[in-house]
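These notes are about the structure you will find just below.
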Amino acid sequence: MSTKKDFALANKFIAGGVNSPVRAWHAVGGNPLFVRRAKGSKIYDTSGKKYIDYVLSWGPMILGHAHPQVIDAVVKTARHGTSFGAPTEAETQMAQLICGAIPSIELIRMTNSGTEAAMTAIRLARGFTGKKIVVKFDGCYHGHADSLLVKAGSGVTTLGIPGSPGVPEETAHLTLSLPYNDLASLRDAITKYGSEIAAVIVEPVTGNMGVVAPREGFLETLRQLTANENILLIFDEVITGFRFHFGGYQNLIDIKPDLTCLGKIIGGGLPVGALGGKKEIMERFAPKGDVYQAGTLSGNPLAISAGLATLRLLKKKAADYSALERKAQNLCAGLENLFKEKGVRVCINRVHSMFTVFFQEGPVGDLVSAQKSDTRLFARFFHGMLKQGVWLAPSQFESLFFSFAHSQTDISATLDACKKTLKKL
Ligand SMILES: *Cc1c(COP(=O)(O)O)cnc(C)c1O
């Protein structure tokens, strides 16, 4: 186990000891492990202990850690310079690859994070429609921009309240947060505010309250209602983009959002985000248009080389995605049996290769039901699994991920770890 000392020292110089809050393990208690390296499906802490990793940097590492071809691409690129502030051929190749994979994306802009992509999507939607209100769904996360860091107001279809000190009420009031999967409240909101709503942003499959799949008809109706009212529909596919196949979740359900946010997988483990969509809308960006967006390091050569190498490998592996899903299916089935034998009630939500074990009976279809989970029991399970060499996300309300590098041996070892953990739970 790595040490309290690492974290104590970090706390002397870094706010809260971490550069992103969930890394501090507040939801499960204890000191976070510090990582030294990772390879394939394994991650190693500073004491050299090895873990099977189901966090995968919160989604990006679908090829497994330190994939040789991705690393080679980054190293080779670095030798020629790490940033130019001028266009490169690789950026065009990246854009072409993504536009080819996701038909609703006619034009694209690369950013440095998913947060930037979502923040930019909101500005563009407001600029394009000339309207101000943004609709999001409770439990969906779209990065930490002011207008997206907003909680539901006191009742359904009342304007939002700040999700953090520092977000002005005036900004929060322009965001409406509705229950996910609830068409009635969506219809109400559109009836009440339709002429003022610039955009609806949604995780088509949610990862950020734990995995929740869209109910049948939810996204289809969302598309219809927004189109009728001149509201832009934004799919936040930062997690789901290239997670289920070589493209977005939108391809699988045959829905074309107006704008799509990407990140995580498309950066291959480097800081990358992207916003893409209809030509007519995207052309509103400066320099052609009047909506401002920029970035000193946007389209950075190293980030693009990692992303390109990842996407090119994924394109070749197109047929392997079903094997990826099968592995996740096997693990989840095994886990379900173990919990049942032990008499611990869990609801496992899985969509393809992302899943969450909710410590409750379920079903879990929105934030309110997700929050019924026994988070203390989850925390004990988390620490038990960690001792057995399995690294899970340090919160009940996160998705776990599979990579192409996870093997049947990893699955068996994980089930074995679960068995041992449950004995002591
Ligand atoms: C991670 C995430 C973001 C934010 O991306 P960052 O790169 O962390 O800024 C936005 N939307 C969704 C759905 C995410 O999961």
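The values are calculated or read from the model by the stated rules, or taken from the named source; none is laboratory data. Note that the structure is predicted; figures quoted are calculated from it, not measured. Glycine also receives a Cβ, built like all others from the backbone with ideal geometry; neighbour counts cover every protein chain displayed. Just the protein is used for accessible areas: all its heavy atoms, side chains included, with ligands, DNA and RNA removed. Shrake-Rupley method; radii C 1.70, N 1.55, O 1.52, S 1.80 Å.
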- When segment 204-252 is examined, which residues are found to be open to solvent by less than 10 Å² (accessible area, probe 1.4 Å), of a type in the set (A, V, I, L, M), closer than 20 Å to THR120 by Cα and within 16 Å of the ligand (Cβ to nearest atom)? LEU233, ILE234
- Task: Inspect all residues belonging to segment 182-194 and state whether any of them is within 16 Å of the ligand (Cβ to nearest atom) and open to solvent by less than 10 Å² (accessible area, probe 1.4 Å).
- Result: no
- Message: Name the single residue that is farthest from ASN31 (Cα to Cα) among those in segment 382-409 being part of a helix (DSSP H, G or I) and open to solvent by less than 10 Å² (accessible area, probe 1.4 Å).
- Response: MET385
- So THR77 fits all but one of (1) within 16 Å of the ligand (Cβ to nearest atom); (2) outside any loop (DSSP other than H, G, I, E, B); (3) touching a helix residue (DSSP H, G or I) at 6+ places or on another chain (Cβ under 8 Å); what number is the exception? (1)
- Of the residues LEU97, LEU107, LEU148, LEU56, which is outside the structural domain of PHE382 (by TED's automatic domain parsing) and either closer than 29 Å to ALA172 by Cβ or within 16 Å of the ligand (Cβ to nearest atom) (or both)? LEU148
- Check segment 271-285 and report whether any residue there is within 22 Å of SER83 (Cα to Cα), within 15 Å of the ligand (Cβ to nearest atom) and in contact with a Phe, Trp or Tyr (Cβ under 7 Å, 6 or more places away or on another chain). no
- Query: Checking ASN112 against (1) away from the ligand (no atom under 14 Å from the Cβ); (2) open to solvent by 40 Å² or more (accessible area, probe 1.4 Å), which test does it fail?
  - Reply: (1)
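Residue by residue, here is whether (1) modelled with pLDDT of 95 or more; (2) within 14 Å of the ligand (Cβ to nearest atom) holds:
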site: ILE122; (1), (2): yes, yes
site: PHE128; (1), (2): yes, no
site: LYS132; (1), (2): yes, no
site: TYR141; (1), (2): yes, yes
site: SER154; (1), (2): no, no
- Evaluation of ASN251 against (1) in a loop (DSSP other than H, G, I, E, B); (2) within 15 Å of ILE98 (Cβ to Cβ) (one fails), failing number: (1)
- Of all residues in segment 12-66, which are outside any helix (DSSP H, G or I), hydroxyl-bearing (Ser, Thr, Tyr) and either without any contact (Cβ under 8 Å) to a residue 60 or more places away in the chain or farther than 18 Å from GLN388 by Cβ (or both)? SER20, TYR44, THR46, SER47
